[in-house]
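Quick note: the coordinates plus some simple rules give every number you see, no bench work behind them. If you're wondering where the values come from, they're calculated on a predicted model, not measured in any experiment. Cβ placement follows ideal geometry from the backbone for every residue including glycine, while neighbour counts extend to all protein chains displayed.
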Amino acid sequence: MSDAPRRPGPRVVALVGPQGSGKTSLAEALLHGAGQIARKGSVNDGTTLGDSSDEARARQMTTAVNVARFSYLDDDWTLLDCPGSVELSHTADCAAMVADIVVVVAEPLPERIAALQPILRRLDELAIPHLVFLNKMDQAAVRVRDLIADLQAASTRPLVLRQVPIRDGERITGYVDLISERAYKYRDGEASELVELPGEMADREQEARQELLEALADFDDTLLEQLLEDIQPPRDEIYQQLAKDLADDLVVPVLLGAALPDNGIQRLLKALRHDTPDAAATRARLGIEGTAPVAQVFWTDYQPHAGKMSFIRLWSGSLKAGDTLAGEKVGGLMVAHGADFSKADRVEEGEVAAINRAENLATGQIVDATQAKPAELWPAAPTPVYALAVVPEKAGDDVKLSAALARLSEEDASLHHRHDPETGELVIEGQGEMHLLIAMDRLKRKANIALATHAPAVPYKETITKSTSHHARFKRQTGGHGQFADIKVDIKPQPRGAGFAFASTVVGGSVPKQFIPAVEAGVKDYLTAGPLGFPVVDVAVTLTDGQFHSVDSSDMAFKTAGRMAMADALPECNPMLLEPIWKVQIDVPSEYTPKAQRLLSTRRGQILGFDSHPGWAGWDRVEAFLPRAEMGDLIIELRSLTQGLGTYSGSFDHLQELTGREADKVVRTKAEAAA
């Protein structure tokens, strides 16, 4: 029986990181370093394996998950290059969930480190093993130890520096591996060259190595005892301990390199090969059980000619076309490599594949032969922070628009659409302006539907501040039976939030009981648009008296009288405009808290207070009441003031009186629109 270690099955690595950190360039470098592609593509030239869609090429950014396959030293891998924009973070989170390891790509710029904190926090919260690749180190102008200190403030897990740089003046020319204690010199476009450890680096290398060992010793008593007794642990034991701690999401290794000149790429590939858990460990981490085959859908993509594509990770067993998943026969079974799809005869445990036209599958589901169920561990879609009202540019497109938007929402759960019952508008909502523009580009490309957009209308209301009584008579003779209704009503304001109330104190049958509901219906009919043009709220109407005609009175006549009474009386009740007020929570790094407070103040916000963000060191949460009218582009300005880090959530809280020039402007705009 062979003593050779068992080869892991197919594994998955996801690349995440802030926009512009070089994830796609790193993906190209990894594929090239593994011999999968003969020549690296360029993001600027639009020649990369991924990012093939029009919307990605136009923006020179990743807008969806790029899937690629490669083999390295006989190990099979799937690489998931994820979007970096904060507005597309949910797509990245879903892909990261099915990965065995995540590589967080970072730039060596102190001002960019803060952008990593939300990413690292989400990975920590989801317990996904991850390492950091400090990219673009050929351009670094700061000390690595300072970068690590900044990074540590962004992570709840201890960082473990795997390498220290070798410098020639200000230029980084290579690195020393802190476990093997071997030195390597970078060779652009080639694997690094093994060189002697520079003598002047010996002290720094030993210091950094000791820090690495002490970090690992926090999780291993044997290693701790060795360090206390000044015993140097064997290298194999250090490697094993690091791999174990990484798999358990206890530490975050940090590697150095630069994707464009291929610096550190082979070292990263070897680290992934040795330290990445296999599919069985990831399945156990996620708590996924079931009789094989068991798969999980992590992304849904509708393609113009191929239809619905459900991307799955197969957790156990094998799968082939004709097998059953969730009670449905698997039709087309394919593997993706960039924009290319090829038919797969069979998919094995650990592999990523795409199932064509599996209409019963949805992102996040765990599926076996008989059923599909939501995963217990799955990233929740963030609440919307930006919205646009949309109308099709071409007549007739509204018929197919709802179905097309539903498909977009299935692809991206952080994208929503709804018909606003208060304004009558079709509204799409998402994580920012770019998010919605990308969605509309996809809609144009995939469904040939172009949309015109405008800011959603604010659902203003109006109310009254004075009481009155009114007598209304409706009489019409048109030949034969006429129409007659006579009513007297009392109209009073209600407390804020009390809504509409109708009552009758009629006695003696002056208005027969069968006509009273018609009066109420007429009153309600008018209240949909009051004297100022907006729905009327917080009003009480009481029918006190009236008259009827035994032949000419009817439901329609009394409904008309009710509407007439309100139309004549409400302008005398001192109508008042009401605007919706939301309670919002703004989350920002503490250094930006004053800017967030000023932003709220300039938007007529009432700041309620601020405190530290629960569980987020160095962040604050500011709470405020903010008029809905001021929230349209709030997220755009907030991110502009906070280097893209700030975000908010909120919900409707109450209606508040609006007076003065702001109210006059709203009423005038409404009147002009109705003219």
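For this structure, a couple of remarks:
- P(r) tail fraction, the chain - alpha-carbon pairs more than 34 Å apart, %: 57 percent
- The calculated Kirkwood hydrodynamic radius for the stretch 386-454 is 11.9 Å, given to one decimal from all distinct C-alpha pairs.
- Shown is the FRET efficiency for residue 232 and residue 274, computed with R0 = 25 Å from the Cβ-Cβ distance and rounded to the nearest 0.05: 0.75.
- Over the stretch 305-444, relative contact order from alpha-carbon pairs under 8 Å, at least 6 apart, %: 20 percent
- Simple spin-label estimate for residue 218 and residue 340 gives 4.5 nm between the two label positions (7 Å along the Cα-to-Cβ direction from each Cα).
- The stretch 11-283, Cα convex hull volume normalised per residue, Å³: 125 Å³
- q = 0.12, 0.16 Å⁻¹: log10 I(q)/I(0) that the Debye formula gives for the stretch 578-674, counting C-alpha atoms only: -0.42, -0.68
- Helical mean residue ellipticity (222 nm; -39500 (n - 2.57) per DSSP H run of 4+; nearest 500) of the chain: -8500 deg cm²/dmol
- Remark: the stretch 178-236 is approximated by an ellipsoid whose semi-axes, taken from the C-alpha gyration tensor as √(5λ), come to 28, 13, 9 Å, largest first.
- Dipole of the chain, positive direction: furthest Cα of 53, 32, 201, with charges on the beta-carbon: 53
- Hz values of 3J(HN,Hα) by residue in the stretch 167-184 - Karplus curve (6.51, -1.76, 1.60), Gly and Pro given as x: 10, 10, x, 8, 9, 7, 10, x, 7, 10, 6, 7, 8, 6, 6, 9, 9, 9
- Shape analysis of the stretch 232-351 places it in the oblate category; the axes a ≥ b ≥ c from the Cα gyration tensor give an a/c of at least 1.5, with a/b not above b/c.
- Amide H contacts of residue 156 (H built 1.01 Å from N, under 5 Å, at least 5 apart or other chain): none
- Phi-derived couplings, Karplus 6.51 cos²θ - 1.76 cosθ + 1.60 at θ = phi - 60°, listed residue by residue for the stretch 115-129: 5, 7, 4, x, 5, 5, 5, 5, 5, 5, 5, 8, 6, 8, x Hz, with x used for Gly and Pro.
- Net lengthening on full extension, residue 547/residue 181 (0.36 nm per residue, minus Cα-Cα): 121.6 nm
- As a length-normalised measure over Cα pairs under 8 Å and 6 or more apart, the relative contact order of the stretch 176-249 settles at 23 percent.
- Counting 0.36 nm for each residue step from residue 418 to residue 400 and taking away their Cα separation leaves a gain of 5.0 nm.
- Using only side-chain charges placed at the Cβ, +1 for Lys and Arg and -1 for Asp and Glu, the dipole size of the stretch 578-674 relative to its Cα centre rounds to 200 debye.
- For the chain, averaging the sequence separation of C-alpha pairs within contact (under 8 Å, six or more residues apart) and dividing by the residue count gives a relative contact order of 10 percent.
- The stretch 287-374 - Debye-derived log10 I(q)/I(0), Cα point model, q = 0.11, 0.14 Å⁻¹: -0.24, -0.39
- Close amide-amide hydrogen proximity is noted between residue 11 and 76, 77, 78, each under 5 Å apart and 5 or more residues distant or on a separate chain (H modeled in the peptide plane; Pro and chain starts excluded).
- Ranking 154, 253, 140 by how far each Cα lies toward the positive end of the dipole of the stretch 11-283 (charges on Cβ) leaves 140 at the top.
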